[in-house]
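Trainee: Have a look at this one.
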Amino acid sequence: MAPKKTFHLLSLGCAKNTVDSDSMAQLLMNDGYKPQSDPENASILIVNTCGFIGPAKEESLAALRTLAEQKRPGQLLVAAGCLTQRYGVEVARQVPGIDGILGTRRWMDILEVVQTLRATPHPQPLYHLPESPTVGADEKNALRASLSGASAYLKVADGCRRPCAFCAIPLIKGTAVSRPVETILREARELREMGVRELILIAQDTTDYGSDLGMKDGLASLLEALAKETPAQDWIRVMYSYPGYVTDRMIEVMATFSQILPYLDIPLQHAHPETLRRMKRPSNMDWVHKTLAKMRAALPGLAIRTTFIVGYPGETEEEFTALLRFVEETRFDRVGAFQFSFEPGTSSEPLGDPVPAEVKQERWERLMALQQNISLQINQSFVGKTLDVLVEGTDKGISIGRSYRDAPEIDGLVLAQGKAKIGEMVKVKITGAMDYDLSGVLG
Ligand code: SF4
């Protein structure tokens, strides 16, 4: 029988969910609970689920089913996160053996849920889904960050007010809620004291930061305040920008402070105005061309990441070809591509899912093949150059890390001959290029 105050937390989905998982773990540990990597040794089993699109939902249900089937007497299983926020009691109906249901908007109530479950037997699952229009702002002093080596995701806001037709996030999280600037600056200081060298700012839409606080250009102001406190050799990386909201002031602040990496993550989702209009996404491609050109001029070596959806309802071969042409001309450093996932409850629901699966797959493959070539060519242009690399691991005399061009988990790596310490920022002379990664020698 596992010691009473022990928990095993499985975190699924995006970096924003990872931060929620780490904050929930913190609240439990503050109350004396011990984390267990092996579910066998834990009395409380928690899955922080993802409910964004079909494949992610299936993965969350499968993880819950596995733990429910393996659950031993005395163990309690809590389903938390986005899937439970979106589907509530339906999740417990689909997965017998769940003892507690907690939505992502009230992640901060994890301790109460666990204490209530432990205190009183619950023949029926305990549903903790209080009405909450947005993600709660009462964070119970949990650090809203997730550390990995010398890097940390730092959440600056949660929720989203954009109307993207295919997206369930606003249904799950509610509208955007920005965290106070002072709190973010305090947490950034704490993270530096913990040895963090790279701060990765995340939200559903970082470029909307501060709009609900009455700030104009809130992200630019936050970046400036953070940069003024950040040592010159450390990194600040911004993820999840929204087209139309990368402002001149933001570009100017990025160009002024070397700590703010010349890296732009801007999901565009498509490039044909008609498709974008059906997606209820910004469809002014002229703005996209002009802003990317402006940023490339202001930020030498700018690395641009974007994501696209293929097979959106109504996408014609002509619209898809326009996307390919745009990718060919713009030459992004990094491209993520998803096949459209039909999501009931979103405003794209009435459009159905008319593009056949095999057409989606074929378009996805054509787009990724095109980008693979572009990525290799861009990587080849770095041979002979020297890059700063944040070391994240070593293996048989090779130091493995990331350069300014590489966000964790989704971009490439730099493999350098020579030993360096994890968390160290080193110079690497690039000697080789692969489709997504670079190789070199410690400089
Ligand atoms: S910006 Fe659009 S795609 Fe991104 S979370 Fe908000 S609604 Fe979803």
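Trainee: Between 0 and 90 degrees, rounded to the nearest ten: what's the tilt of helix 285-298 against the longest Cα principal axis of the chain?
Mentor: Approximately 70 degrees, to the nearest ten.
Trainee: Moving on to the next point. Taking H placed 1.01 Å from N in the peptide plane, check which residues at least 5 places from PHE7 or on another chain put their amide H under 5 Å from its amide H.
Mentor: Hits under the 5 Å cutoff: LYS34, GLN36, SER43, ILE44.
Trainee: When Lys and Arg each count +1 and Asp and Glu each count -1, what net charge do the other residues less than 14 Å away from SER23, Cβ to Cβ, add up to?
Mentor: In short, -2.
Trainee: Now for a different question. Among all the lysines, which ones have a C-alpha under 20 Å from LYS228's C-alpha, if same-chain residues fewer than 8 places away are not counted?
Mentor: LYS228 reaches LYS155, LYS216.
Trainee: Under 5 Å between amide H atoms, partner at least 5 residues away or on a different chain: which partners does ALA407 have, H built in plane at 1.01 Å?
Mentor: Distant-sequence amide H within range of ALA407: GLY412.
Trainee: Just to check I understand the Karplus step: with θ = phi - 60° and J = 6.51 cos²θ - 1.76 cosθ + 1.60, what whole-Hz values come out for the stretch 270-284, glycine and proline as x?
Mentor: 6, 9, 9, x, 5, 5, 5, 5, 5, 7, 6, 10, x, 10, 7
Trainee: Excluding GLY88 itself, calculate the net charge of residues whose Cβ lies under 14 Å from the Cβ of GLY88, where each Lys or Arg counts +1 and each Asp or Glu counts -1.
Mentor: Taking every other residue near GLY88 into account, the sum is +3.
Trainee: Continuing with this model, one more query. Answer rounded, prolate or oblate for the stretch 114-232, using the Cα gyration tensor with square roots of eigenvalues a ≥ b ≥ c: rounded when a/c is under 1.5, else prolate when a/b is larger than b/c, else oblate.
Mentor: Details: a/c = 2.41, a/b = 1.39, b/c = 1.73.
Because a/c hits 1.5 or more and a/b fails to exceed b/c, the stretch 114-232 counts as oblate.
Trainee: Using a ≥ b ≥ c from the Cα gyration tensor of the stretch 6-128 (square roots of the eigenvalues), is it rounded, prolate or oblate, where a/c under 1.5 gives rounded and otherwise the larger of a/b and b/c decides, a/b for prolate?
Mentor: Here the stretch 6-128 falls in the rounded category.
Trainee: Is the shape of the stretch 113-171 best called rounded, prolate or oblate, per the rule: a/c under 1.5 gives rounded, else a/b larger than b/c gives prolate, else oblate, with a ≥ b ≥ c the square roots of the Cα gyration tensor eigenvalues?
Mentor: Numbers: a/c = 2.41, a/b = 1.30, b/c = 1.86.
Note, shape of the stretch 113-171 comes out oblate.
Trainee: List, in the order given, every pair from LYS294/LYS385; LYS57/LYS294; LYS140/LYS421; LYS360/LYS396 whose Cα-Cα distance in the structure shown is over 32 Å.
Mentor: Checking Cα-Cα distances, LYS57/LYS294; LYS140/LYS421; LYS360/LYS396 exceed 32 Å.
Trainee: How much net charge surrounds ALA297 when only other residues with a Cβ under 14 Å from its Cβ are counted (Lys, Arg +1; Asp, Glu -1)?
Mentor: +1
Trainee: Then there is this: Please turn the phi angles of the stretch 256-266 into ³J(HN,Hα) values with the Karplus equation 6.51 cos²θ - 1.76 cosθ + 1.60 (θ = phi - 60°), one per residue in order, whole Hz, x for glycine and proline.
Mentor: 7, 10, 5, 5, 7, 5, x, 9, 10, 9, 9
Trainee: Specify the angular offset, from 0 to 90 degrees and rounded to the nearest 10, of the alpha carbon long axis of helix 357-380 from the longest principal axis of the alpha carbons in the chain.
Mentor: 50
Trainee: Would you kindly derive the ³J(HN,Hα) couplings of the stretch 188-194 from the backbone phi angles with the Karplus curve 6.51 cos²θ - 1.76 cosθ + 1.60 (θ = phi - 60°), listing them in order in whole Hz, with x for Gly and Pro?
Mentor: Per-residue couplings from phi come out as 4, 5, 4, 5, 5, 5, 7 Hz.
Trainee: Please tell me the relative contact order of the stretch 386-442 in percent, rounded to the nearest whole number, where contacts are Cα pairs under 8 Å and at least six residues apart.
Mentor: For the stretch 386-442, the relative contact order is 36 percent.
Trainee: Which value, in debye to the nearest 20, describes the size of the charge dipole of the stretch 145-380 about its Cα centre when Lys and Arg Cβ atoms bear +1, Asp and Glu Cβ atoms bear -1, and nothing else is charged?
Mentor: In debye, rounded to 20, the stretch 145-380 gives about 400.
Trainee: Something else now. Please give the helix 218-229 orientation as an angle from the longest Cα principal axis of the chain, in degrees from 0 to 90, rounded to the nearest 10.
Mentor: 90
Trainee: Something else now. Show the residues, 5+ positions off or on another chain, whose built amide H is closer than 5 Å to the amide H of GLY51.
Mentor: CYS82, LEU83
Trainee: How about the chain: what cysteines have no other cysteine beta carbon under 4.7 Å from their own?
Mentor: Taking the Cβ cut-off of 4.7 Å, the unpaired cysteines of the chain are CYS14, CYS50, CYS82, CYS160.
Each value in this text was obtained by applying a stated rule to the coordinates, not by laboratory testing. All of these numbers come straight from a predicted model, not from anything done at the bench. Every residue, glycine among them, receives a Cβ derived from its backbone with ideal geometry; neighbour counts consider all protein chains shown.
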